[in-house]
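None of the figures in this text is laboratory data; all of them are computed from the coordinates on show. The model shown is predicted, which means the values in this text are computed figures rather than measured ones. For neighbour counting, all protein chains shown are included, and Cβ atoms are generated from backbone atoms with ideal geometry for every residue, glycine included.
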């Protein structure tokens, strides 16, 4: 039995990765333990798997972390096991402030073309498709489509 246990442990350890966070890291929180307690927007198969990101305030133990939760989640305890957390890989430089975004009455982004960069005609068997490369005025920098 011991030999079989060791072999199974070696198989499991190959897929395991040590997970550890630092204070100040941003993490996503798994929604599955809260099913039936809190609903995040949609429900059913379109419901989100993770919510967040939230900032880690303190490490409680080897597998528990305290998160800084918003006021909407004040009814939820703020200490979570590491298995319910996932590292947030967002880039803070890509965040666009809400004041700088222009939207119309249908809540669509207002971006206007600046110039036409390139034109070509794609030839199919029985039709021709004109292709135009356009540069847009975007807050994220130069954008081409």
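Points worth noting:
- Pairwise FRET efficiency - residue 89 versus residue 60, Cβ, R0 = 25 Å, nearest 0.05: 0.60
- Extension gain, residue 128 back to residue 10 (0.36 nm per residue minus Cα-Cα distance, nm): 36.6 nm
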